[in-house]
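Asks: Quick one: the structure is below, questions incoming.
The values are calculated or read from the model by the stated rules, or taken from the named source; none is laboratory data. Quantities reported herein were computed from a predicted structural model and do not represent experimental measurements. Every residue, glycine among them, receives a Cβ derived from its backbone with ideal geometry; neighbour counts consider all protein chains shown.
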Amino acid sequence: MTQTIDTKTIKHVANLVRLGISEEEAQKFSGQFSAIIDYFNMLNEVDTENVIPASDVANAENVLREDVVKPSMDREEFLKNAPQSERGYVKVPTVLGEE
Amino acid sequence: MQLTNLTIQEASELLKTKKISSVELTKETLKRIHDVDKKVKSYVTVTDDLALKQAKQADERIAKGENITPLTGIPFAMKDCISTRDVKTTCSSKILENYVPQYNATVTNKLADAGAVLVGKTNMDEFGMGSSCENSAFFNTHNPWNLNHVPGGSSGGSAAAMSASLATFTIGEDTGGSVRMPAGFCNVTGIKPTYGRVSRYGLISLVSSFDCIGPMTRDAYDCATVLEAIAGHDEKDSTTYNSAVPNYTKNINKSVKGMKLGIPKEYFVAGMEAGVESSIQEAIRTYEKLGMEIHEVSLPTTQYGLPVYYLLLFAEASSNLARFDGTRFGLSKSENAKDVIDIYLQTRREGFGDEVKRRIMLGAYALSAGYYDAYYLKAQKVRTLLRRDFETAFSKVDILLAPTCPTTAFKLGEKTSDPLEMYLSDIYVVATNPAGVPAMALPCGFSNDMPVGMQLIGKHLDEQTIFQVGHAYQQVTDWHKQLPLI
């Protein structure tokens, strides 16, 4: 079964992952995605009736510890990498509502 | 004696007996990097000053005779996805081009505590996404055996640096073959440990349920030495095992006679380069001569390993890479941004390369409504079957042997235009990561003058057997001692 992934779908998923893309890029990715997804469809051949999906790694068990307060990274140190900061906070443009 | 060609074991002996100093060894290494790496281009950052400072400290430690470990004074390089405080950590991505972490990864701390000397950070496919190192946003790394060929990926810089004697050992990271595949291409030994054996704290995540940090070295003995130093429980990574780390080198000389070596028949199919196949067959005969019992085994889900691996990678990577949003660290593009979404869109568009864009979009696609069951969930089910394959095989044999790649290192540019073709070069190395089992690559011959690698795949947490079987082979062969003329 061949599945075409059109540019509309590409733009939709690009938006889901917050990726700005151009029309040309959407077209290029559309062709490549169709080939890749088509290859992945081979998984349909595998009988997975009654198979439990792996959701963890082999040694998965709950790891609990006391909730002890410890010093964390110094605020000034943390903000060294922030593109913009003000009064000890990371600064970004308006997130909610009107300015 | 060329100091840069020494194994860890040899260099450590000379350091401890004060025949050489760490400063001397480190200077030689840095000199060679500045001479030779113009051609190989394995380093993204060379840390001359830090290295010399650490080397001096190591020499003082040795002079005092205090707390000397097998890695004290030994120069090493780290894949650039592992955090190093005050040293740029880029993942070979534009989005992290100027990122300087404020903290160390647990592995970085452990190596510093052992007295190892960091000489630099190595090139990689951007965020570990690639099989040739050609997806680095900065430059291509070249295979020291033939500069027109790729070193493999994604830990191509670590493999090439090790191969060209530009460090005494290197640290790589293996999400789906990223240590073993380039190790095979560059004629070095490298292990992907059991998932959870080495802490991932401070590793920039690609696929959180696959990622494994592992050493790349001249031989199995050195590999055991480094793994011993970096493995162990870490309260900062809840997936690490609590069990004690064995003294791998202590029992490495034990005979392999009578042990059962499994050959998975699904790994020997049409399309394998003739010289690769003959080298692997020769290695099997060597093990037969060493007294191992050879058994054919079946891993029936093998051909589905690649789609399982890539689908789960896309899905996990698409959420893991959401953190690169241009607000707290890394590249930030906010020209005329009306809102925070604009910053995300612009930063990620400019900061990520094509392969990263492809994979995070494919991940969102595989996880999105209507496709989740068909792709993500289906892949997790087949992952269960992959894991069962290994369990069944290991109920019959002690260890498995397989090639690391169907071919030797391909040429630069040969596969860049077709992403799917590039994915297919990972066919032999990807299945172990969804299953979590450990595997080590080691040199086993040459085909058309390029190195051939094989891998030994072991049971969960049984790195000991892998080292023992790898070491036994390297006692009777000298492929691992062959160095490129560069």
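Asks: Mind checking which residues of region A:11-29 are assigned to a helix (DSSP H, G or I), crowded, with 18+ Cβ neighbours inside 10 Å and facing another protein chain (nearest Cβ under 7 Å)?
Replies: Within region A:11-29, A:13, A:14, A:29 qualify.
Asks: Please enumerate the residues belonging to region B:99-114 that are in contact (Cβ under 8 Å) with a residue 60 or more places away in the chain and either within 14 Å of another protein chain (Cβ to nearest Cβ) or part of a loop (DSSP other than H, G, I, E, B) (or both).
Replies: Of everything in region B:99-114, those that are in contact (Cβ under 8 Å) with a residue 60 or more places away in the chain and either within 14 Å of another protein chain (Cβ to nearest Cβ) or part of a loop (DSSP other than H, G, I, E, B) (or both) turn out to be B:99, B:101, B:103, B:104, B:105.
Asks: Report, ordered by the first and then the second residue, all pairs with beta carbons closer than 8 Å, sequence separation of six or more or different chains, a first member in region B:262-291 that is more than 18 Å from residue B:451 (Cβ to Cβ), and a second member that is part of a helix (DSSP H, G or I) and at pLDDT below 95.
Replies: Note: pairs meeting the criteria are B:264/B:302; B:266/B:302; B:266/B:303; B:267/B:302.
Asks: Related question: So residue B:227 clears everything in (1) within 14 Å of chain A (Cβ to nearest Cβ); (2) over 27 Å from residue B:381 (Cβ atoms) except one condition, right? Which one?
Replies: (1)
Asks: I've got another one for you. Return the only residue of B:326, B:330, B:305, B:363 being closer than 19 Å to residue A:53 by Cα and at the interface with another protein chain (Cβ under 8 Å from one of its Cβ atoms).
Replies: Numbers: B:326 fails: closer than 19 Å to residue A:53 by Cα; B:330 fails: closer than 19 Å to residue A:53 by Cα; B:305 fails: at the interface with another protein chain (Cβ under 8 Å from one of its Cβ atoms).
Result of the check over B:326, B:330, B:305, B:363: B:363.
Asks: Go through region B:245-277 and give me each residue that's within 17 Å of residue B:444 (Cα to Cα) and loosely packed, with under 14 Cβ neighbours inside 10 Å.
Replies: B:274
Asks: Residues of region A:35-64 being more than 7 Å from chain B (Cβ to nearest Cβ) and either among the acidic types (Asp, Glu) or over 29 Å from residue B:306 (Cα atoms) (or both), which ones?
Replies: A:38, A:45, A:47, A:49, A:56, A:61, A:62, A:64
Asks: Being under 20 Å from residue B:304 (Cα atoms), more than 7 Å from chain A (Cβ to nearest Cβ) and in contact (Cβ under 8 Å) with a residue 12 or more places away in the chain: is that true of residue B:383 here? Walk me through how you get there before you give the answer.
Replies: On the way: under 20 Å from residue B:304 (Cα atoms): yes; more than 7 Å from chain A (Cβ to nearest Cβ): no; in contact (Cβ under 8 Å) with a residue 12 or more places away in the chain: yes.
No, not satisfied.
Asks: Sticking with this one: State all residues of region B:173-207 that are in a strand (DSSP E or B) and aliphatic (A, V, I, L, M); if no residue qualifies, say none. Don't jump to the end; show me each part of the working.
Replies: We begin by selecting, within region B:173-207, every residue in a strand (DSSP E or B); these are B:173-174, B:189-192, B:198, B:203.
Scanning region B:173-207 gives B:191, B:198, B:203.
Asks: Quick check on region B:195-214. Is at least one of its residues touching a His at 6+ places or on another chain (Cβ under 9 Å) and either without any contact (Cβ under 8 Å) to a residue 60 or more places away in the chain or under 30 Å from residue B:5 (Cβ atoms) (or both)?
Replies: no
Asks: Further, regarding this structure: Please verify whether residue A:92 is crowded, with 17+ Cβ neighbours inside 10 Å, part of a loop (DSSP other than H, G, I, E, B), at pLDDT below 90 and at the interface with chain B (Cβ under 7 Å from one of its Cβ atoms), treating the condition exactly as stated.
Replies: Working: crowded, with 17+ Cβ neighbours inside 10 Å: yes; part of a loop (DSSP other than H, G, I, E, B): yes; at pLDDT below 90: yes; at the interface with chain B (Cβ under 7 Å from one of its Cβ atoms): yes.
It is true that residue A:92 is crowded, with 17+ Cβ neighbours inside 10 Å, part of a loop (DSSP other than H, G, I, E, B), at pLDDT below 90 and at the interface with chain B (Cβ under 7 Å from one of its Cβ atoms).
Asks: Given the residues B:436, B:445, B:470, which is the only one that is at positive phi, buried (at least 19 other Cβ atoms within 10 Å of the Cβ), more than 14 Å from every other protein chain (Cβ to nearest Cβ) and not acidic (Asp, Glu)? Reasoning before the result, please.
Replies: Details: B:436 fails: more than 14 Å from every other protein chain (Cβ to nearest Cβ); B:470 fails: at positive phi.
Checking each option against the conditions leaves just B:445.
Residues checked against (1) part of a strand (DSSP E or B); (2) over 20 Å from the mean Cα position of the chain (by Cα); (3) farther than 25 Å from residue B:122 by Cα:
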position	(1), (2), (3)
B:209	no, no, no
B:213	yes, no, no
B:222	no, no, no
B:226	no, no, no
B:229	no, no, no
B:242	no, yes, yes
B:247	no, yes, yes
B:251	no, yes, yes
B:254	no, yes, yes
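Asks: Criterion first (more than 8 Å from every other protein chain (Cβ to nearest Cβ) and either of a type in the set (Ser, Thr, Tyr) or surrounded by fewer than 18 Cβ atoms within 10 Å (Cβ to Cβ) (or both)) does residue B:373 satisfy it? It would help to see each step written out before you state the result.
Replies: Details: more than 8 Å from every other protein chain (Cβ to nearest Cβ): yes; either of a type in the set (Ser, Thr, Tyr) or surrounded by fewer than 18 Cβ atoms within 10 Å (Cβ to Cβ) (or both): yes.
It is true that residue B:373 is more than 8 Å from every other protein chain (Cβ to nearest Cβ) and either of a type in the set (Ser, Thr, Tyr) or surrounded by fewer than 18 Cβ atoms within 10 Å (Cβ to Cβ) (or both).
Asks: Could you check, for region B:27-35, whether at least one of its residues is among the charged types (D, E, K, R) and under 22 Å from the mean Cα position of the chain (by Cα)?
Replies: Start the filter on region B:27-35 by keeping residues that are among the charged types (D, E, K, R), which leaves B:27-28, B:31-32, B:35.
In the following step, the residues that additionally are under 22 Å from the mean Cα position of the chain (by Cα) were identified as none.
The answer is no, given that none of the residues of region B:27-35 is among the charged types (D, E, K, R) and under 22 Å from the mean Cα position of the chain (by Cα).
Asks: Quick test of your reading of the structure: residue A:78 fulfils all but one of (1) at pLDDT 90 or above; (2) over 24 Å from residue B:318 (Cβ atoms); (3) part of a loop (DSSP other than H, G, I, E, B); (4) of a type outside the set (Val, Ile, Thr). Name the failing condition by number.
Replies: Among (1) at pLDDT 90 or above; (2) over 24 Å from residue B:318 (Cβ atoms); (3) part of a loop (DSSP other than H, G, I, E, B); (4) of a type outside the set (Val, Ile, Thr), residue A:78 violates only (3).
Asks: Identify, please: which residue in region B:55-83 is of a type in the set (Gly, Ala, Ser), on the phi < 0 side of the Ramachandran plot and more than 23 Å from the chain's Cα centre (by Cα) and is, among those, surrounded by the most Cβ atoms within 10 Å (Cβ to Cβ)? Spell out the reasoning first.
Replies: Of region B:55-83, the ones of a type in the set (Gly, Ala, Ser) are B:55, B:58, B:63, B:65, B:73, B:77, B:83.
Right, trim to on the phi < 0 side of the Ramachandran plot and you get B:55, B:58, B:63, B:77, B:83.
Restricting the remaining residues to those that are more than 23 Å from the chain's Cα centre (by Cα) gives B:55, B:58, B:63.
Values: B:55: 25, B:58: 27, B:63: 10.
Here the residue is B:58.
Asks: For region B:373-486, which helices (runs of 4 or more DSSP H) that fit wholly inside it have 2 or more residues that are within 23 Å of residue A:43 (Cβ to Cβ)? Walk me through how you get there before you give the answer.
Replies: Values: elements: B:378-394, B:419-424, B:432-435, B:463-476.
Output list reads B:378-394, B:419-424, B:432-435.
Asks: I've got another one for you. Evaluate the following for residue B:198: is it in contact with a helix residue (DSSP H, G or I) (Cβ under 9 Å, 6 or more places away or on another chain) and either at pLDDT below 95 or closer than 21 Å to residue B:481 by Cβ (or both)? First the steps, then the outcome.
Replies: Working: in contact with a helix residue (DSSP H, G or I) (Cβ under 9 Å, 6 or more places away or on another chain): yes; either at pLDDT below 95 or closer than 21 Å to residue B:481 by Cβ (or both): no.
Taking the combined requirement at face value, the residue does not satisfy it.
Asks: Please work out which one of (1) surrounded by fewer than 22 Cβ atoms within 10 Å (Cβ to Cβ); (2) not in a helix (DSSP H, G or I) is the condition residue B:38 fails and give its number.
Replies: The one condition residue B:38 does not meet is (2).
Asks: Follow-up question, since we're still on this one. From the list B:437, B:429, B:476, B:469, which residue is closer than 18 Å to residue B:179 by Cβ and in contact with a Leu (Cβ under 8 Å, 6 or more places away or on another chain)?
Replies: On the way: B:437 fails: in contact with a Leu (Cβ under 8 Å, 6 or more places away or on another chain); B:429 fails: in contact with a Leu (Cβ under 8 Å, 6 or more places away or on another chain); B:476 fails: closer than 18 Å to residue B:179 by Cβ.
Among B:437, B:429, B:476, B:469, only B:469 is closer than 18 Å to residue B:179 by Cβ and in contact with a Leu (Cβ under 8 Å, 6 or more places away or on another chain).
Asks: Among (1) facing another protein chain (nearest Cβ under 9 Å); (2) touching an Asp or Glu at 6+ places or on another chain (Cβ under 7 Å), which single condition is residue A:32 missing?
Replies: Unmet condition: (2).
Asks: With under 30 Å from residue B:472 (Cα atoms) and at pLDDT below 95 as the only criterion, which of B:286, B:302 stands out?
Replies: Values: B:286 fails: at pLDDT below 95.
Unique residue meeting the criteria: B:302.
Asks: Is it the case, given these coordinates, that residue B:362 is assigned to a helix (DSSP H, G or I), buried (at least 21 other Cβ atoms within 10 Å of the Cβ) and hydrophobic (A, V, I, L, M, F, W, C)? Steps first, please.
Replies: Numbers: assigned to a helix (DSSP H, G or I): yes; buried (at least 21 other Cβ atoms within 10 Å of the Cβ): yes; hydrophobic (A, V, I, L, M, F, W, C): yes.
For residue B:362, the condition - assigned to a helix (DSSP H, G or I), buried (at least 21 other Cβ atoms within 10 Å of the Cβ) and hydrophobic (A, V, I, L, M, F, W, C) - is met.
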